[in-house]
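Contents: one structure, followed by commentary.
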Amino acid sequence: MEKARRRLGRGLEALLGPTSVAEARANGSLTQVPLSSVLPNPYQPRHAFDEKALDELKNSLDQAGLLQPVIVRPTGNHSYELIVGERRCRAARALGWEEIDAVIREVDDRTLLTLALVENLQRDALSPIDEARGYRRMIDEFDVSQSEVGGLVGRDRSTVANALRLLRLPQEVQDLVHGGKLSTGHARALLQVSDQRTVPLLAERMVSDQLSVREAEALTRSKKPSKRRPRYSRNDSPQHAQIRRVEDALRAKLGTDVFVAMRGKSSGRLTINFYSNDDLTRILELVLGGPFDG
């Protein structure tokens, strides 16, 4: 959370306020509000809440109490809208609490959406589709650029651009990504298919055959089912297995397809695929540790 706070503008950082109940109490900003008066954030980007994670949070609140206050804005008639803290409110209600520690802030709708995105991105990862929808809503409703969105939520512009590309996929494929059945790597492979009618069929094949990103990319290139090659085999040499582990680690880090081809025992070629100028920019920023100035 601290990294994100450093990258936010001064106004948003101030609105995030104290990070603990003790700090809020010490500076006089802590208050208690009835849970019955707290309304959901209308700009909440998360559309599904993990029940297991909520149970864990409920147990934590029951044993240790609330460590971080929720942040709310007044709406009149002694009611409030959540800015951040919906999971904490849900867990507190499940425990039968009548009141919750809160910090009250006056914010506009744009800030309400921005802070909700920041909290969800930093505290408990959103699904790639919920994240993309949050960015799209901010752009459409508040007339900001992708770069401005990135600056507000602590993301690179290329990260925002690549997230938004997922919304080009058919709805049934977005649902697979949202549900965790397809990764963003699989989704990027599907984005390269020009015939949109085949995309849902290819996606279902990826899920049913549990294809790796590498195999998914090969499938989308051929546009027809291919026999799945097991990722690991008992007959693999130790060197071959190590190469695959390297490829998998780089794929996870870079979010794209990576290939290692050996030439002898200690030399070879590393291939990193990209699928658009934005994708290349994103990968360069990851590899170089900052924006590419070339």
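Yes/no per residue for (1) of a type outside the set (S, T, N, Q); (2) touching a strand residue (DSSP E or B) at 6+ places or on another chain (Cβ under 9 Å); (3) under 19 Å from LEU121 (Cα atoms):
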| site | (1), (2), (3) |
| --- | --- |
| VAL149 | yes, no, yes |
| THR159 | no, no, yes |
| ASN162 | no, no, yes |
| LEU166 | yes, no, yes |
| LEU169 | yes, no, no |
| VAL177 | yes, no, yes |
| LEU190 | yes, no, no |
| PRO200 | yes, no, no |
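Just one of the numbered conditions (1) under 14 Å from VAL33 (Cα atoms); (2) under 26 Å from the mean Cα position of the chain (by Cα) is not true of THR75: (2). Within region 46-73, the set of residues being part of a loop (DSSP other than H, G, I, E, B) and either of a type in the set (S, T, N, Q) or at negative phi (or both) comprises ARG46, HIS47, ALA48, PHE49, ASP50, LEU66, LEU67, GLN68, PRO69. Inside region 179-201, can you point out the residues that are closer than 17 Å to VAL213 by Cα and either of a type in the set (Lys, Arg) or not in a loop (DSSP other than H, G, I, E, B) (or both)? LYS181, THR184, GLY185, HIS186, ALA187, ARG188, ALA189, LEU190, LEU191, VAL199, PRO200, LEU201 - these are the residues of region 179-201 that are closer than 17 Å to VAL213 by Cα and either of a type in the set (Lys, Arg) or not in a loop (DSSP other than H, G, I, E, B) (or both).
Considering region 100-157, the qualifying helices (runs of 4 or more DSSP H), each wholly inside and each with 2 or more residues that are modelled with pLDDT of 85 or more, run over 128-142, 146-153. Within region 160-175, the set of residues being touching a residue at least 60 places away in the same chain (Cβ under 8 Å) and either in contact with a His (Cβ under 9 Å, 6 or more places away or on another chain) or crowded, with 22+ Cβ neighbours inside 10 Å (or both) comprises ASN162 only.
The values are calculated or read from the model by the stated rules, or taken from the named source; none is laboratory data. Here the structure is a predicted model, which is why all the values come from computation and not from measurement. Cβ coordinates were reconstructed from backbone atoms using ideal geometry, including for glycine residues, and neighbour counts include every protein chain displayed.
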